[in-house]
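Scroll down for the structure; my scribbles are underneath it.
The values are calculated or read from the model by the stated rules, or taken from the named source; none is laboratory data. The model shown is predicted, which means the values in this text are computed figures rather than measured ones. Because the Cβ atoms are built from the backbone with ideal geometry, glycine has one as well, and the counts that use them run over all protein chains shown.
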Amino acid sequence: MHGGIGRSINHVEQIENLQRPITMEAGSIVLMDLLWSDPTENDSVEGLRPNARGPGLVTFGPDRVMEFCNNNDLQLIVRAHECVMDGFERFAQGHLITLFSATNYCGTANNAGAILVLGRDLVVVPKLIHPLPPAISSPEASPERHIEDTWMQELNANRPPTPTRGRPQVANDRGSLAWI
C-alpha cells in the first residue's frame, strides 16, 4: 500500500473494493487513509494520533497494524510514502515495513534506498541502494549539466520538503484522535 491503514481500513476487501480509476471524492476516508496515513513515531506510541501532514490525517500505532494483520490473516504490510534514511524501516515488531527506493531524495536527503527480496521460504531480506557520492566540480563541467542542476534546485526550492521519519508526537493529548 502507499500510505497506511489509518483509522478506517480494517479489511483488505476495503482496498480491493475501491472504485477504479481512483477519483478524490470528498469524504472518502478509506482513500485518504490509504494515501496519507503514516505509522506513529515508534512502537511505543499506540492508537491514532493527528498527523503533521495536514488536518484530518492520522498516524496509526502498532496496535492498529496487529489488528489489521490478525483480521486479514497477514504477517506483513509493506508501505512506501515516507523517506526513511536507511531505505527501509520496520515498525510494529516487524509486521510493517516502510520501503523507500529513491536515494538522495530531492537531491538533499542523502538517504539510502532499498528493495525487498523475498526468499523461497518467504523470508524478507532488505537490500540497500546507497546514494552516489557528490559529483566533483571541475572547470570542464558542461553547461547543460549546470542548467539541469539549477533547474532541479529551483524545483526543489519551491516544493515543501517531505519530512523523514522521526516527527515529534505529543503524549497524552486528550484532543488527539487517540482519545476518540
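Summary table
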{"quantity": "Residue in the stretch 34-56 that is surrounded by fewer than 17 Cβ atoms within 10 Å (Cβ to Cβ), free of Cβ contacts under 8 Å to residues at least 40 places away in the same chain and not in a loop (DSSP other than H, G, I, E, B) present", "calculated": "no"}
{"quantity": "Of all residues making up the stretch 1-33, the number that are polar (S, T, N, Q), in a loop (DSSP other than H, G, I, E, B) and modelled with pLDDT of 95 or more", "calculated": "2"}
{"quantity": "Selected residue [of a type in the set (A, V, I, L, M) and farther than 30 Å from Pro134 by Cβ] from Val117, Val84, Val12", "calculated": "Val12"}
{"quantity": "Residue under evaluation Val78, criteria (1) among the hydrophobic types (A, V, I, L, M, F, W, C); (2) within 29 Å of Gln19 (Cβ to Cβ); (3) crowded, with 18+ Cβ neighbours inside 10 Å, criterion not met", "calculated": "(3)"}
{"quantity": "Hits in the stretch 93-128 - residues which are in contact (Cβ under 8 Å) with a residue 12 or more places away in the chain, exposed (fewer than 15 other Cβ atoms within 10 Å of the Cβ) and β-branched (Val, Ile, Thr)", "calculated": "Thr108, Ile115"}
{"quantity": "Count - residues of the stretch 14-33 that are touching a residue at least 12 places away in the same chain (Cβ under 8 Å) and out of contact with any helix residue (DSSP H, G or I) (no Cβ under 6 Å at 6 or more places or on another chain)", "calculated": "6"}
{"quantity": "Lone unmet requirement of (1) of a type outside the set (Val, Ile, Thr); (2) touching a His at 6+ places or on another chain (Cβ under 8 Å); (3) at pLDDT below 95 for Pro55", "calculated": "(2)"}
{"quantity": "Hey, Ser101 of a type in the set (Gly, Ala, Ser) and more than 30 Å from His130 (Cα to Cα) or not", "calculated": "no"}
{"quantity": "Failed item in (1) modelled with pLDDT of 95 or more; (2) assigned to a loop (DSSP other than H, G, I, E, B); (3) within 18 Å of the chain's Cα centre (by Cα), with Phe68 passing the rest", "calculated": "(2)"}
